[in-house]
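The values are calculated or read from the model by the stated rules, or taken from the named source; none is laboratory data. Owing to the predicted nature of the structure, the values given are computational and were not obtained by experimental measurement. Counting neighbours? That spans all protein chains shown, and the Cβs are built from the backbone with ideal geometry, glycine included.
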């Protein structure tokens, strides 16, 4: 015999189908993955460069050629007049400038120290710092090429020159693509929208329409009402995780090194946290406008203080301690750890315990408040 929970669940599914909510909660996550994967990226490429080559010799042209053949810079102008650099910066035509002074080639041929100048528009500090470092690497590489013959001559006299050889190896994200760290984090953002926001709005809409009062006079108990209403959103959240994972693997080629069953299991705790907060918000809100404002108030700290976009270690100390009460902080470690590092449950059990504790506490508060509301 089908119990009260089944009938509440069936009613919720019918409501979601009528309002096209299911279609929205399935398609919207895929669109967000595309936005964060292609648009919201911290990769710095095609930075506009103006090159001021004051002598135009084979050596100076060899240096400028290195800026032409890289995806990180896009040369937009050549000039021999230094005063045009400021004009290019003020108009926004260029973000970085390379100035090669007169006598550059002559000093290299004589084995003397040659200087070049790199000027950067610092209005975008992140882009300026990355561009400056990449320009320095290009110039250092050219310096090794330009003085290679003289260094070889010195080796014949004094032998092998002492040096430190650095071998680089980047783990987990070898190509340093921001999409590989951004898109796994989108899963947490999607779960908030799919579970917390949708649940809270659904419950408040029931109150506005008077359906909650109709349920009160039936034998259905409060916990049965809550259970029947949250099950569809739990299933939708899990479906979204599967869709986003498959989508990110096929479209962006993101590495998935962990256990997918573990991802689903630990995501269930995050879903419970979101559902509990959604239920609690719905009990203290009288209208859909009020609960939407509460949802936004909750969503913004979870985006800004979870490490999703900004590293927690770069935040002020006070805010770093504040992040410990942000559930998304723990889920970011879980989702990125499973996606990129292949971490196991034993590696992630502190975060899992934190989310489990959050879910128990928040659900307890939500049910108590829900009972008070019904009374």
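Name the pairs: first residue in the stretch 333-357 and assigned to a loop (DSSP other than H, G, I, E, B), second residue surrounded by fewer than 19 Cβ atoms within 10 Å (Cβ to Cβ) and at pLDDT below 90, Cβ to Cβ under 6 Å, at least 6 apart or on different chains?
Final answer for the pair search is 342/257.
Looking for whichever is assigned to a loop (DSSP other than H, G, I, E, B), in the same structural domain as residue 242 (by TED's automatic domain parsing) and closer than 25 Å to residue 183 by Cα here; the options are 278, 307. Which one fits?
307
In the stretch 124-145, what residues are touching a helix residue (DSSP H, G or I) at 6+ places or on another chain (Cβ under 9 Å) and under 11 Å from residue 96 (Cα atoms)?
135
Scan the stretch 32-71 for residues that are touching a helix residue (DSSP H, G or I) at 6+ places or on another chain (Cβ under 9 Å) and part of a loop (DSSP other than H, G, I, E, B) and jot them down.
40, 41, 42, 43, 44, 54, 55, 57, 70
In this structure, does residue 149 turn out to be at pLDDT below 75 and part of a loop (DSSP other than H, G, I, E, B)?
Judged against the criteria, residue 149 is not a match.
When the stretch 54-74 is examined, which residues are found to be surrounded by 17 or more Cβ atoms within 10 Å (Cβ to Cβ) and touching a strand residue (DSSP E or B) at 6+ places or on another chain (Cβ under 6 Å)?
Once the filter is applied, which keeps residues that are surrounded by 17 or more Cβ atoms within 10 Å (Cβ to Cβ) and touching a strand residue (DSSP E or B) at 6+ places or on another chain (Cβ under 6 Å), the stretch 54-74 yields 60, 64, 67, 73.
Looking at the stretch 277-298, can you tell me whether even one residue there is under 30 Å from residue 175 (Cβ atoms), crowded, with 22+ Cβ neighbours inside 10 Å and either touching a helix residue (DSSP H, G or I) at 6+ places or on another chain (Cβ under 6 Å) or free of Cβ contacts under 8 Å to residues at least 40 places away in the same chain (or both)?
no
Could you check residue 32 against (1) under 30 Å from residue 230 (Cβ atoms); (2) surrounded by fewer than 15 Cβ atoms within 10 Å (Cβ to Cβ) and say which number it fails?
Unmet for residue 32, out of (1) under 30 Å from residue 230 (Cβ atoms); (2) surrounded by fewer than 15 Cβ atoms within 10 Å (Cβ to Cβ): (2).
Please go through the stretch 37-48 and give me each residue that is at pLDDT 75 or above and out of contact with any strand residue (DSSP E or B) (no Cβ under 7 Å at 6 or more places or on another chain), ordered by number.
Within the stretch 37-48, 44, 45 meet the criteria.
Considering only residues that are outside any strand (DSSP E or B) and within 35 Å of the chain's Cα centre (by Cα), which ones fall in the stretch 112-123?
Listed by number, the residues that qualify are 121, 122, 123.
Here is a list of conditions, (1) within 16 Å of the chain's Cα centre (by Cα); (2) buried (at least 20 other Cβ atoms within 10 Å of the Cβ); (3) assigned to a helix (DSSP H, G or I), and residue 313 meets all of them except one; can you say which number that is?
Result: residue 313 passes all but (2).
Do we have any residue at all in the stretch 124-144 that's free of Cβ contacts under 8 Å to residues at least 60 places away in the same chain and more than 38 Å from the chain's Cα centre (by Cα)?
No; the residues of the stretch 124-144 include none that is free of Cβ contacts under 8 Å to residues at least 60 places away in the same chain and more than 38 Å from the chain's Cα centre (by Cα).
Which one of 216, 226 is farther than 18 Å from residue 337 by Cα, surrounded by fewer than 15 Cβ atoms within 10 Å (Cβ to Cβ), modelled with pLDDT under 80 and more than 20 Å from the chain's Cα centre (by Cα)?
Just a single option satisfies the conditions, and that option is 216.
Residues of the stretch 249-262 being under 18 Å from the mean Cα position of the chain (by Cα), part of a helix (DSSP H, G or I) and surrounded by 15 or more Cβ atoms within 10 Å (Cβ to Cβ), which ones?
Within the stretch 249-262, just 251 meets the criteria.
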